[in-house]
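Here's the structure, in structure tokens; my notes come after.
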Amino acid sequence: MDRIRDLASKKAAVIFTNSSCCMCHSIKQLFYELGASPAIHELDQEPSGTEMEKALQKLGCSPSVPVVFIGGRYVGSSKDIISLHLDGSLKQSSSL
């Protein structure tokens, strides 16, 4: 969990993903289209990715990816991010 918090606080926007996940790809693309340069952490490519994924699940992330942190704070999964984008508050809630 400490590694998750550490990584989540290093950039304005941080996304934890898996490289083969289509929703992860969609969320990354959304951030890029908004002009953001989020830090992307592909858990299936990380040596401690399995442990990190379990830590995300303990946070209540289900499914465990994609998970977005903005300003070091947990924002949510793909459903949450899409909802924030549709109501216009995603771009306002961060310094993307």
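Quick notes on this one:
- Note that region 3-96 presents 55 Å² accessible area per residue, ligands and nucleic acids not counted, probe 1.4 Å.
- Charged neighbours of GLU46, selected by a Cβ distance under 11 Å, balance to -3 (K, R count +1; D, E count -1).
- Using the rule -39500 (n - 2.57) for each DSSP H run of four or more residues, divided by the residues of the chain, the 222 nm mean residue ellipticity is -12000 deg cm²/dmol.
- Local electrostatic count, HIS85, Cβ distance below 14 Å [Lys/Arg +1, Asp/Glu -1]: 0
- Neighbourhood net charge (14 Å Cβ-Cβ; Lys/Arg +1, Asp/Glu -1) for ALA12: +4
- Calculated FRET efficiency, ASP87 to SER19, Cβ-Cβ distance, R0 = 30 Å: about 0.55 to the nearest 0.05.
- Couplings 3J(HN,Hα) for region 13-24, derived from phi with the Karplus relation 6.51 cos²θ - 1.76 cosθ + 1.60 (θ = phi - 60°), are 10, 9, 10, 9, 9, 10, 5, 9, 8, 5, 5, 4 Hz, where x marks Gly and Pro.
- The accessible area of HIS25, taken with all protein chains in place and a 1.4 Å probe, comes to roughly 100 Å².
- By accessible area with a 1.4 Å probe, ligands and nucleic acids excluded, highest first: order of SER37, SER64: SER37, SER64
- Dipole magnitude of the chain about its Cα centre (Cβ charges: Lys, Arg +1; Asp, Glu -1), debye to nearest 20: 240 debye
- Element breakdown for region 1-83 at a 1.4 angstrom probe: carbon and sulfur atoms account for 49% of the accessible area.
- Region 37-96: C-alpha gyration tensor shape, a/c 1.5 cut-off, then a/b vs b/c: prolate
- Cβ distances below 4.7 Å define possible disulfide partners, and in the chain the cysteines left without one are CYS22, CYS61.
The values are calculated or read from the model by the stated rules, or taken from the named source; none is laboratory data. Note that this is a predicted model, so its numbers are computed, not measured. So basically every Cβ, Gly included, is an ideal-geometry build from the backbone, and we count neighbours across all protein chains shown. Each accessible area value is taken on the protein alone, full model and side chains, heavy atoms only, with ligands, DNA and RNA left out. Shrake-Rupley method; radii C 1.70, N 1.55, O 1.52, S 1.80 Å.
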